[in-house]
Amino acid sequence: MHFHVGGVPIDVSMRTLDDLHSESPLTRIDIHLASGEVLVDKTGRLQELLPPLAQRWQASLPEAGPNDQAAARFHQSHALNKVRGRIDSEPLLCHFLIATDVFWLVQSYFSVRRLAYPGEKPALEVIRTSAPAIFRLIENFYAETELRTKLAILEDMTDRILEPIGGTWKQAEVLSLAEEGYPEDIQPRGRAFLAHILDMQERDLV
């Protein structure tokens with residue numbers, strides 16, 4: 001529910017006590033309930049239910065499977081490739097693409113580490129304290145104006161952020177994408193299919 005009080009926008013998320021018994025958060029913002037300040041608790045139930053949430057819900061964040069990892073690595077690298085191919089001919093588009101990519105990257109920092117995304121301001125503080133080298137790259141990116149330098153910073157940032165799942169997509173790798181949540185690891189099938197249509201041995205794929 002969203003409304004204004006005295007010109008100030010107010011966001012209200014409503015949950016039942018039963019929701020606090022769930023094994024995983026209903027949305028990505030629910031993790032904040034665990035660290036929120038209790039203002040009214042007439043029955044005392046909130047004080048009982050909130051403390052265990054942080055550990056239980058944090059532990060419930062699933063590890064990305066090989067297909068989801070391949071998708072994350074491909075899409076982040078694909079964004080960089082778009083810029084590399086247009087940096088001279090379409091500089092305005094490149095500035096637009098890399099500016100939007102940083103926000104996506106910051107969210108990826110948390111997802112690839114199985115951390116709940118805490119929101120924009122807390123996210124920057126978490127990165128500042130937990131990954132100061134990445135934080136400095138973010139600062140340098142926004143301070144820089146020269147497009148090729150911004151791209152180089154973004155390339156370094158992308159590889160560091162995706163490091164837990166293998167970094168950026170390398171030229172010698174074959175990545176296969178599936179629908180989100182597809183249960184079967186299709187990476188071996190993708191390599192086998194490519195080798196078949198190229199009439200090659202899988203070991204010869206580079």
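Here is a check on your reading of the model: is Leu26 more than 29 Å from Val174 (Cα to Cα) and not polar (S, T, N, Q)? So Leu26 fits the description; yes. Consider Asp88 carefully, then state whether it is loosely packed, with under 13 Cβ neighbours inside 10 Å and either at pLDDT below 95 or assigned to a loop (DSSP other than H, G, I, E, B) (or both). Criteria met by Asp88. Within region 132-175, being small (Gly, Ala, Ser) and farther than 18 Å from Ser108 by Cα holds for Ala143, Ala152, Ala172.
Out of Leu97, Leu154, Leu162, which single residue is crowded, with 16+ Cβ neighbours inside 10 Å and closer than 30 Å to Ala195 by Cα?
Details: Leu97 fails: closer than 30 Å to Ala195 by Cα; Leu154 fails: closer than 30 Å to Ala195 by Cα.
Selected residue: Leu162, the only one of Leu97, Leu154, Leu162 that is crowded, with 16+ Cβ neighbours inside 10 Å and closer than 30 Å to Ala195 by Cα.
Consider region 85-136 and keep the residues that are in contact (Cβ under 8 Å) with a residue 24 or more places away in the chain and among the aromatic types (Phe, Trp, Tyr). The one that is farthest from Leu154 (Cα to Cα) is Tyr117.
Once region 102-146 is narrowed to residues that are among the polar types (S, T, N, Q) and within 28 Å of Trp57 (Cα to Cα), the residue that is surrounded by the most Cβ atoms within 10 Å (Cβ to Cβ) is Ser108. Against the condition under 27 Å from Leu162 (Cβ atoms), β-branched (Val, Ile, Thr), assigned by TED's automatic domain parsing to the domain that holds Ala152 and in contact with a Lys or Arg (Cβ under 9 Å, 6 or more places away or on another chain), how does Ile98 come out, does it pass? Yes: the conditions hold for Ile98. Restricted to region 125-204, the set of helices (runs of 4 or more DSSP H) holding at least 1 residues that are in contact with a Leu (Cβ under 9 Å, 6 or more places away or on another chain) and among the hydroxyl-bearing types (Ser, Thr, Tyr) comprises 147-161.
Of the residues making up region 1-25, those that are of a type in the set (A, V, I, L, M) and surrounded by 11 or more Cβ atoms within 10 Å (Cβ to Cβ) are Leu17, Leu20.
For region 36-63, how many residues meet the condition of being in a loop (DSSP other than H, G, I, E, B) and crowded, with 17+ Cβ neighbours inside 10 Å? Going through region 36-63 one residue at a time, the tally reaches 1. Does Ala79 meet the test of being in contact with a helix residue (DSSP H, G or I) (Cβ under 6 Å, 6 or more places away or on another chain), small (Gly, Ala, Ser) and at pLDDT 85 or above? Spelling it out, Ala79 is indeed in contact with a helix residue (DSSP H, G or I) (Cβ under 6 Å, 6 or more places away or on another chain), small (Gly, Ala, Ser) and at pLDDT 85 or above. Criterion first (touching a residue at least 24 places away in the same chain (Cβ under 8 Å), in the same structural domain as Asp88 (by TED's automatic domain parsing) and of a type in the set (Asp, Glu)) does Glu155 satisfy it? For Glu155, the condition - touching a residue at least 24 places away in the same chain (Cβ under 8 Å), in the same structural domain as Asp88 (by TED's automatic domain parsing) and of a type in the set (Asp, Glu) - is met.
The values are calculated or read from the model by the stated rules, or taken from the named source; none is laboratory data. Just so it is clear, the structure is predicted and the values come from calculations on it, not from any experiment. When we count neighbours, we look across all protein chains shown, and the Cβ atoms used for this are built from the backbone with ideal geometry, even at glycine.
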